[in-house]
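The values are calculated or read from the model by the stated rules, or taken from the named source; none is laboratory data. Since the model is a prediction, treat every value here as computed from it, not as a measurement. Cβ placement follows ideal geometry from the backbone for every residue including glycine, while neighbour counts extend to all protein chains displayed.
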Amino acid sequence: MIKPMDGRTRAEAAHKFFGTMGATFVLAGAAGLPMFSMVMGLMGAAWNELKDDDWPEDMKSMDFEAWWTTVGLAEWLGPAKIGGVPLSDIVVHGLANTLTGLDVSSRTGLNNLFTRDSKEYKTVRESLTAKMLEHAGPSANMVLSVADGVDAAMQGDYTKAVKRWSPAGFRNFVNAHELATEGAKDNKGTEIMSKDAFSTGMLIGQSIGFRPETLANVQYATFKVLGAQQKIMNEHNLTIDKLDRAFRNGNDKMFEATLDDIDKFNKKYPQNAILSDEIMNSLEKREEQRATSNRGVIPTEKNMFLDEVLQRSREAATEAERKNKRP
């Protein structure tokens, strides 16, 4: 569409580009447009820079996109509805979702062309591993699906195992049958939506690969909230770990700095505040574990029958310490 291409080429490119953008907006809504998540991320970063540090954290500052698509736009557009559907839902997810009751948006959108929305992991290593697997191609993911199926079969969940081992087309039929007979459940068996919530049209849509829109919205909100909870827990655990490291190393400066970090954490997340009792209990428990550890293994009644494997290596280590002890 840009120079120095000739006019005919530019016109054809512009026609295809804007036609694609228009069709994407109708089918997938604003959330399906290219770089939508990037724009929301920039807005979230701007919000975090402008807000006062003493303000408690909320979904707006933790995941601006999730807040905007579920709460923010609905507040700004008010109670306006078209055909009984909130206008905000039509803007975000497109007309196709409204007309069909199926999650067409996530299947036709161009937002996540290069990356997918991944879950919040406990460590940087886990996050990086997930990203690498995401770009490793279908072969790596197929191997992981087989492994997941084996785990499910070992636990007696043969339906899940079959879904992991089967091609996508067959999985869609299995998912539709589950929605019709059991409703929607999470991995732990908790009911998300009962079977009465799904019409025949929704089940037909699921059988060809389109989830019911209501189920997709419930799962999306759940995914985002669980991710936010994990993010808070990660920061909580990291702060406690830093405090314990400063304590066992006798680093008073680091210890005081970490206490300041705890004060900041408590202001950000008052509902998840790290209280003094929790700090003392955590430090005492970790110190007790270090004191009772037999060179890396904490002896308990449940593992004492394995103790014979440890004896020779521990005795050798003790002898080495005796012989090589420096004056």
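Quick check, is ASP277 surrounded by fewer than 13 Cβ atoms within 10 Å (Cβ to Cβ) and closer than 24 Å to LYS60 by Cβ?
On the way: surrounded by fewer than 13 Cβ atoms within 10 Å (Cβ to Cβ): yes; closer than 24 Å to LYS60 by Cβ: no.
Considered against the rule, which asks whether it is surrounded by fewer than 13 Cβ atoms within 10 Å (Cβ to Cβ) and closer than 24 Å to LYS60 by Cβ, ASP277 comes out as no.
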Legend entry - Out of THR214, THR200, THR258, THR190, sole residue that is closer than 29 Å to GLU57 by Cα, surrounded by fewer than 13 Cβ atoms within 10 Å (Cβ to Cβ), outside the structural domain of LYS51 (by TED's automatic domain parsing) and not charged (D, E, K, R): THR190
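From the list ASN266, ASN272, which residue is in contact with a Leu (Cβ under 9 Å, 6 or more places away or on another chain), closer than 24 Å to ASP53 by Cα and at pLDDT 90 or above? Give the steps one after another, and end with the answer.
Numbers: ASN272 fails: in contact with a Leu (Cβ under 9 Å, 6 or more places away or on another chain).
That would be ASN266, the only listed residue that is in contact with a Leu (Cβ under 9 Å, 6 or more places away or on another chain), closer than 24 Å to ASP53 by Cα and at pLDDT 90 or above.
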Legend entry - Residues that are assigned to a helix (DSSP H, G or I), of a type in the set (D, E, K, R) and surrounded by 14 or more Cβ atoms within 10 Å (Cβ to Cβ), drawn from the stretch 61-79: GLU65
Inset, instruction - Only residues in the stretch 43-70 that are touching a residue at least 24 places away in the same chain (Cβ under 8 Å) count as the first member; pair them with residues that are in a loop (DSSP other than H, G, I, E, B) and not hydrophobic (A, V, I, L, M, F, W, C), Cβ under 6 angstrom, at least 6 apart or cross-chain, and list the lot. - result: GLU57/TYR269
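Can you tell me which residue among LEU128, LEU215 is at pLDDT 90 or above and closer than 30 Å to THR70 by Cα? Steps first, please.
Working: LEU128 fails: at pLDDT 90 or above.
Among LEU128, LEU215, only LEU215 is at pLDDT 90 or above and closer than 30 Å to THR70 by Cα.
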Inset, instruction - Could you please give the count of residues in the stretch 183-208 that are in contact with a strand residue (DSSP E or B) (Cβ under 8 Å, 6 or more places away or on another chain) and β-branched (Val, Ile, Thr)? - result: 1
Legend entry - Residue that is farthest from ALA184 (Cα to Cα), among those in the stretch 127-163 that are in contact with a helix residue (DSSP H, G or I) (Cβ under 6 Å, 6 or more places away or on another chain) and of a type in the set (D, E, K, R): ASP148
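Conditions (1) within 22 Å of the chain's Cα centre (by Cα); (2) surrounded by 19 or more Cβ atoms within 10 Å (Cβ to Cβ), marked per residue:
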| residue | (1), (2) |
| --- | --- |
| MET21 | no, no |
| GLY41 | yes, no |
| GLU49 | no, no |
| MET59 | yes, no |
| VAL85 | no, no |
| ASP89 | no, yes |
| ALA96 | no, yes |
| ASN112 | yes, no |
Legend entry - Subset of the stretch 83-106 [farther than 20 Å from ALA23 by Cα and touching a helix residue (DSSP H, G or I) at 6+ places or on another chain (Cβ under 9 Å)]: GLY83, VAL85, PRO86
Inset, instruction - Tell me which of these PRO4 doesn't satisfy, since it passes every other one: (1) modelled with pLDDT of 90 or more; (2) exposed (fewer than 12 other Cβ atoms within 10 Å of the Cβ). - result: (1)
Legend entry - Check on THR222, without any contact (Cβ under 8 Å) to a residue 40 or more places away in the chain and either within 25 Å of ILE90 (Cα to Cα) or out of contact with any Cys (no Cβ under 7 Å at 6 or more places or on another chain) (or both): yes
Inset, instruction - Output the qualifying pairs, or none if there are none: Cβ atoms under 6 angstrom, residues six or more apart or on different chains, first residue in the stretch 243-257 and without any contact (Cβ under 8 Å) to a residue 40 or more places away in the chain and assigned to a helix (DSSP H, G or I), second residue of a type in the set (S, T, N, Q) and surrounded by 13 or more Cβ atoms within 10 Å (Cβ to Cβ). - result: ALA246/THR258
